[in-house]
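Report on one structure; see the data block that follows.
What follows is calculated from the coordinates using simple rules that are stated; it is not laboratory data. Quick caveat, the model's predicted, so the values are computed rather than measured. Note that we place each Cβ from the backbone using ideal geometry, even for glycine, and neighbour counts take in every protein chain shown.
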Amino acid sequence: MRPRVDEDIQELMVRYRPIIAFRVRKALGAQNTDCEDLVSEILSQVLEKLQLGEFRGESSLGTFVYTITSRRIVDYIREKTKVMKYAPEPAPFPDPQETLEVAEMSDKVKKALSRLKPKYREVLYLYYYQELSREEVAERLKVSTRKVSELVNYALKLIRKELKP
């Protein structure tokens, strides 16, 4: 009696595995890494339900397998979307016009910075890019903090003047 059950299981696997795999890949996409796991899970559900006697023969075995496959695919999608519901929203695609304007402004600022005298460039570099405090910049440049403030403000004034149309 035992060899017949094993033969039936083998026949079931050979006959329905490709069909289940096709349905799963079609529903989830061929690139989904969970496809094979889901196919194996569906096959074990089918076998378990057959062994428990849940297949009553009111429909074909193919319909029984199809129903289990469809329900498991839906459950899988629900699980994944539930997880995704709490994931952060992806950032929207940048506006091409805005990206172009930012790039143009960046070029203008770069040119304006290159036209500044080295002492103004250095103070801006230390203060904004190195994020040093006015006291730290004053210590490095061996000037007073008041002088650092004046240099930064004057350099910004020159840059704004360059950027005006």
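Say each of Glu139 and Arg17 gets a label point 7 Å from the Cα, pointing the same way as Cα to Cβ; how far apart are those two points in nm?
Distance between label points: 7.1 nm.
How much length, in nm to one decimal, is gained on full extension between Lys164 and Arg56, taken as 0.36 nm per residue of separation minus their Cα-Cα distance? Intermediate results must be reported in sequence, preceding the final value.
Values: separation 108, 0.36 × 108 = 38.88 nm, distance 8.24 nm.
Here the segment from Lys164 to Arg56 would lengthen by 30.6 nm.
Which of the peptides 139-151, 16-28 is most tightly packed, and how do the rest follow, judged by the mean count of other Cβ atoms within 10 Å per residue?
Taking the mean over residues of other Cβ atoms within 10 Å, the ranking is 16-28, 139-151.
By per-residue mean of other Cβ atoms within 10 Å, what is the highest-first order of 107-118, 125-136? Could you put the intermediate results ahead of the total?
On the way: 107-118: 12.1, 125-136: 13.7.
So the peptides 107-118, 125-136, ranked by packing, come out 125-136, 107-118.
Quick check on the chain: what are the equivalent-ellipsoid semi-axes from the Cα gyration tensor, as sqrt(5λ), descending, whole Å?
Details: eigenvalues 1088, 64, 32 Å².
So the equivalent ellipsoid measures 74, 18, 13 Å along its semi-axes.
How high is the relative contact order of the stretch 100-165, in percent, with contacts defined as C-alpha pairs under 8 Å that are six or more residues apart? It would help to have the intermediate numbers written out before the result.
Numbers: 37 pairs, mean separation 23.9, N = 66.
Reported relative contact order: 36 percent.
Place a label point 7 angstrom from the Cα of Leu100 along the Cα-to-Cβ direction, then list the residues of the stretch 129-165 whose backbone nitrogen is under 20 Å away.
Those under the cut-off are 165.
Normalised by the residues of the chain, what does the relative contact order come to in percent, with Cα pairs under 8 Å and at least six apart? It would help to have the intermediate numbers written out before the result.
On the way: 69 pairs, mean separation 24.6, N = 165.
Across the chain, relative contact order equals 15 percent.
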